[in-house]
Amino acid sequence: MLSKIEELKLVTRCTLFDDRDAFGRLVEEYQSEIRRFFLNLSGGNAALSDDLAQETFLKAYLSIRGFKGLSKFKTWLYRIAYNEYYDWVRKRKEELGDSEDATAFRDEPPDNRERADDARLDVAVALKALNETERSIIILFYMEDKPIKDIVTITSLPEGTVKSHLSRAKSKLADFFGKN
């Protein structure tokens, strides 16, 4: 895991010297976390997760000069990933129309779902019961282990709103697991 100073050194090398090796080091450090984030958001769709992760790193590379260092690079990267996912959701909603849920993946079954254990399947199904914002906040808080402060930065939502979504999502998940 990179420290904030190591991150800043790599980012500085990227911005001042267009050092692609430095950016490659950042990608190596965070690619599995970003892919896992998308995998959880997409209900297990590995192909979509890989595509969104690739787009995230491409956008990060193209806009790295805009990184001000006010937060950790990782938080900034998650913000780009979060925006990338919601851009994809908006596009999908436009394609499908308002009548269908853009995050429903019935037509795109995740890889190896039949081999996943029951608990993992239950969590994936439970996450689908949440709306996009609740799902994102739950994933960031519990699966990505982000503090509220970072979630506020990533989502650009007020702290109280993040806490409300988190509380509502926990209640929905408790209801889901209580019934199932």
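The values are calculated or read from the model by the stated rules, or taken from the named source; none is laboratory data. All values reported here derive from a predicted model rather than from experimental measurement. Methodologically, a virtual Cβ is constructed for each residue, glycine included, from the backbone with ideal geometry; neighbour enumeration extends over all protein chains shown. Please note that ligands, DNA and RNA were not included when accessible areas were found on the heavy atoms of the full protein model with its side chains. Shrake-Rupley method; radii C 1.70, N 1.55, O 1.52, S 1.80 Å.
Some values worked out for this structure:
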{"item": "Enumeration of residues in region 47-63 that are over 13 Å from the mean Cα position of the chain (by Cα) and either in a helix (DSSP H, G or I) or of a type in the set (A, V, I, L, M, F, W, C) (or both)", "result": "Ala47, Leu58, Lys59, Ala60, Tyr61, Leu62"}
{"item": "Test: Glu6 is acidic (Asp, Glu) and buried (at least 17 other Cβ atoms within 10 Å of the Cβ)", "result": "no"}
{"item": "Hey, Glu33 under 19 Å from Arg79 (Cα atoms) and open to solvent by 30 Å² or more (accessible area, probe 1.4 Å) or not", "result": "yes"}
{"item": "Among residues of region 133-149, those that are open to solvent by 30 Å² or more (accessible area, probe 1.4 Å) and closer than 19 Å to Glu84 by Cβ, counted", "result": "2"}
{"item": "Per-region count, region 48-68, residues within 14 Å of Leu10 (Cα to Cα) and in contact with a Ser or Thr (Cβ under 9 Å, 6 or more places away or on another chain)", "result": "3"}
{"item": "Top-ranked residue in region 150-180 [being of a type in the set (Val, Ile, Thr) and either open to solvent by less than 60 Å² (accessible area, probe 1.4 Å) or over 18 Å from Phe37 (Cα atoms) (or both); ranked as farthest from the chain's Cα centre (by Cα)]", "result": "Thr161"}
{"item": "Which listed residue is out of contact with any helix residue (DSSP H, G or I) (no Cβ under 7 Å at 6 or more places or on another chain) and at negative phi, from Thr133, Thr155, Thr161", "result": "Thr161"}
{"item": "Residues that are farther than 16 Å from Tyr30 by Cα, assigned to a helix (DSSP H, G or I) and open to solvent by 50 Å² or more (accessible area, probe 1.4 Å), drawn from region 64-86", "result": "Arg65, Asn83"}
{"item": "Meets criteria (under 13 Å from the mean Cα position of the chain (by Cα) and open to solvent by less than 70 Å² (accessible area, probe 1.4 Å)) for Gly43", "result": "yes"}
{"item": "Qualifying residue in region 17-30 (condition: under 19 Å from Met143 (Cα atoms) and at pLDDT 95 or above)", "result": "yes"}
{"item": "Evaluation of Leu16 against (1) surrounded by 16 or more Cβ atoms within 10 Å (Cβ to Cβ); (2) out of contact with any Gly (no Cβ under 9 Å at 6 or more places or on another chain); (3) assigned to a helix (DSSP H, G or I); (4) not charged (D, E, K, R) (one fails), failing number", "result": "(1)"}
{"item": "Among (1) in a helix (DSSP H, G or I); (2) open to solvent by less than 20 Å² (accessible area, probe 1.4 Å) - the single one Gly24 does not satisfy", "result": "(2)"}
